[in-house]
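Single-structure report; data block below.
Every read-out reported here was derived from the displayed coordinates using simple, explicitly stated rules and does not represent laboratory data. All values reported here derive from a predicted model rather than from experimental measurement. Please note: Cβ atoms are built from the backbone with ideal geometry, for glycine as well, and neighbour counts cover all protein chains shown.
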Amino acid sequence: MPSSKTVTILLVEDDEVDVTALRWAFDKLKIANPLIVAHDGVEAWNILATLPRPYLIITDINMPRMNGIELLRKIRATEEFHDSIVFVLTTSNDDQDKIDAYDLNVAGYMLKSDMGTSFTRAIGLIENYWKVVEFPDRSSGTGE
């Protein structure tokens, strides 16, 4: 049975047009999960410490200050956050970016080249992911 806890979404995106498009897709799909927006990896890193579990991160790659790959490296290298579920949603179709992201254990790498139908499908995929996946209860500290 899927977790009944609300999944908070941390969107790491520096382009306001893309943030608006993502909000539109959430509205269209009637996704009411809390959405927190960070405009780069530095801001996302600072928010992560305050984010209640369960959460899911959707990050762009190309951003100022700290890009998505740098954020992923930092997340995976930190005991407290290394198990974070992260999806990449980016304009980068570069094979090296895909390799780097998957080497850092992303749950999925999706292109935002089409902000219409395929974009809505990508967001729907992410929504279905958290509806069927079980999240551990880490509040007790026992992991059981």
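How would you classify region 42-117 from its alpha-carbon gyration tensor, with a ≥ b ≥ c the square roots of the eigenvalues: rounded for a/c under 1.5, else prolate if a/b is greater than b/c, otherwise oblate? Because a/c hits 1.5 or more and a/b exceeds b/c, region 42-117 counts as prolate. Give, as ranges by residue number, the residues of region 25-63 whose backbone N falls under 18 Å from the point 7 Å along Cα→Cβ of Asp15. Those under the cut-off are 25-26, 37-41, 58-63.
Stretching the chain fully between Leu111 and Leu125 yields a gain of 3.7 nm (0.36 nm per residue, less the alpha carbon separation).
Each of Lys5 and Thr91 was given a label point 7 Å from its Cα along the Cα-to-Cβ line. The distance between the two points is 3.6 nm. For region 1-96, the set of GluC sites (Glu not before Pro) satisfying both a DSSP loop assignment and a count of at most 13 other C-beta atoms within 10 Å is given as Glu79, Glu80.
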